[in-house]
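*Asks:* Have a look at this one before I ask anything.
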Amino acid sequence: MPGDQVTFGAAALPEPDRDWLAAAERLPIDSVWQGGHLLPPTSTGEAITRLALMTAWTERVRVGSSVLLLPLYHPVVLAKQLADLDSRSGGRVSVGVGVGGEFSAEFTSVGVPVSERGARTDESMEVLRTLWRGGQVSHHGKFFSFDDVRLNPVQAPGKDRHEMQPGGPPLLVAGRKEGAMRRAARLGDGWLPYLMSPQAYARSVDTIQAAARAASRDLAGTGFQWMMYLYCSIRRDGEQAGQDVATFLGRAYGDKPREMLDRIAPSGTPEQVAARLQAYVDAGVRHFIISPAAPRDTLEVVTLAATEVLPRLSVPPAGGVTS
């Protein structure tokens, strides 16, 4: 089974904010998330910068990238940055990774061919894990090579010393296509899709489990995390919630019919959204990242999700989804 408990996280939208994060930590949520591009078309933040702010401005919840476009970063530099953040935060970092590609200028500007983004992501995941193992390590791959190096995460001064998670932060594979599913099955610590219906999520579970079996990998034994980055809006006024989603996602997905958006980005009252999320739970989701698809009052969406939607969800009895 994917797990016997449903938990919630929240995307810190529009940008990480100290007061917003403090309020979110008082809610029954387990994590906060943000991602970012290098050369976005608008004035929005970069993934590592946002992750650093969230680790500094939180105390209890896990902090994660959703997502970090891995092929745009040199993995040795990234390994050190993430190890330091994980160590200083007390082992609270999770890393959602994706391949990107929607903004081709990001790739050409850093000298990475778009056509190599999948292969570079695979190798970078291997490099991160190699460096996070500890001790003297070497790696020789198609894109990266080094001999007998050691990564030493920073230690916080004083008596409150923390350490990096054993083996480093979990690497959660984001995406929607079969290539990402295979990557999650072979290399990932979890599956983190987005803009996916419950039916499509159930099919992705089957695909990942089949690929893992083919690779002789026991997902249940590794604590594989079945996650979902879910755009949604929850309001007392269900009509307002629907308008939120249409406005928020319409800028990027304006060519999609309203009915299609509704299948992949639920909106409505807490009762209505809970019914929609239960379908995802039945399909295998165990940790939702609630991403407020709303132009304003995003904390209200997260608050209603955590206090009125989460308590309504239940894991199906054993046998509903197998691993």
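The values are calculated or read from the model by the stated rules, or taken from the named source; none is laboratory data. In this text, all values refer to a predicted model and were calculated from it rather than measured experimentally. Here Cβ is always computed from backbone atoms with ideal geometry, including for glycine, and neighbour counts include all displayed protein chains. Accessible surface areas use protein heavy atoms only, side chains included; no ligands, DNA or RNA. Shrake-Rupley method; radii C 1.70, N 1.55, O 1.52, S 1.80 Å.
*Asks:* Taking only segment 197-241 into account, find how many residues are under 23 Å from LEU261 (Cβ atoms) and open to solvent by 60 Å² or more (accessible area, probe 1.4 Å).
*Replies:* Of the residues in segment 197-241, 5 are under 23 Å from LEU261 (Cβ atoms) and open to solvent by 60 Å² or more (accessible area, probe 1.4 Å).
Residue-wise test of (1) outside any helix (DSSP H, G or I); (2) under 23 Å from the mean Cα position of the chain (by Cα); (3) modelled with pLDDT under 95.
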position: SER204; (1), (2), (3): no, yes, no
position: ARG236; (1), (2), (3): yes, no, no
position: VAL245; (1), (2), (3): no, yes, yes
position: ILE289; (1), (2), (3): yes, yes, no
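*Asks:* A follow-up question, please. Go through segment 94-116 and give me each residue that's aromatic (Phe, Trp, Tyr) and open to solvent by 20 Å² or more (accessible area, probe 1.4 Å).
*Replies:* Hit for segment 94-116 is PHE103, nothing else.
*Asks:* Name the residues in segment 304-319 that are crowded, with 20+ Cβ neighbours inside 10 Å and out of contact with any helix residue (DSSP H, G or I) (no Cβ under 7 Å at 6 or more places or on another chain), would you?
*Replies:* Listed by number, the residues that qualify are ALA305, ALA306, LEU310.
*Asks:* All but one of (1) outside any strand (DSSP E or B); (2) out of contact with any Lys or Arg (no Cβ under 8 Å at 6 or more places or on another chain); (3) under 19 Å from PRO75 (Cβ atoms) hold for PHE146; which doesn't?
*Replies:* Of (1) outside any strand (DSSP E or B); (2) out of contact with any Lys or Arg (no Cβ under 8 Å at 6 or more places or on another chain); (3) under 19 Å from PRO75 (Cβ atoms), only one is false for PHE146: (1).
*Asks:* Has segment 162-181 got any residue that is over 24 Å from ASP4 (Cβ atoms), touching a residue at least 60 places away in the same chain (Cβ under 8 Å), open to solvent by 20 Å² or more (accessible area, probe 1.4 Å) and assigned to a strand (DSSP E or B)?
*Replies:* No; the residues of segment 162-181 include none that is over 24 Å from ASP4 (Cβ atoms), touching a residue at least 60 places away in the same chain (Cβ under 8 Å), open to solvent by 20 Å² or more (accessible area, probe 1.4 Å) and assigned to a strand (DSSP E or B).
*Asks:* To continue, here is another question. Based on this model, can you work out whether GLY96 counts as modelled with pLDDT of 95 or more and on the phi > 0 side of the Ramachandran plot?
*Replies:* Here the answer is no, as GLY96 does not meet what is asked.
*Asks:* Sticking with this structure for a sec: Would you mind finding the one in LEU261, LEU277, LEU249 that is touching a strand residue (DSSP E or B) at 6+ places or on another chain (Cβ under 9 Å), free of Cβ contacts under 8 Å to residues at least 24 places away in the same chain and part of a helix (DSSP H, G or I)?
*Replies:* Testing whether each residue is touching a strand residue (DSSP E or B) at 6+ places or on another chain (Cβ under 9 Å), free of Cβ contacts under 8 Å to residues at least 24 places away in the same chain and part of a helix (DSSP H, G or I) leaves just LEU261.
*Asks:* Please count how many residues of segment 117-128 are open to solvent by 20 Å² or more (accessible area, probe 1.4 Å) and either modelled with pLDDT under 95 or over 18 Å from the mean Cα position of the chain (by Cα) (or both).
*Replies:* Residues flagged as open to solvent by 20 Å² or more (accessible area, probe 1.4 Å) and either modelled with pLDDT under 95 or over 18 Å from the mean Cα position of the chain (by Cα) (or both) within segment 117-128 amount to 4.
*Asks:* Which one is least open to solvent (accessible area, probe 1.4 Å), of the residues in segment 3-24 that are over 14 Å from ILE289 (Cα atoms) and assigned to a helix (DSSP H, G or I)?
*Replies:* Only one residue fits best here, namely LEU21.
*Asks:* Further question: Every residue in segment 56-75 that is among the polar types (S, T, N, Q) and either outside any loop (DSSP other than H, G, I, E, B) or crowded, with 24+ Cβ neighbours inside 10 Å (or both), please.
*Replies:* Of everything in segment 56-75, those that are among the polar types (S, T, N, Q) and either outside any loop (DSSP other than H, G, I, E, B) or crowded, with 24+ Cβ neighbours inside 10 Å (or both) turn out to be SER65, SER66.
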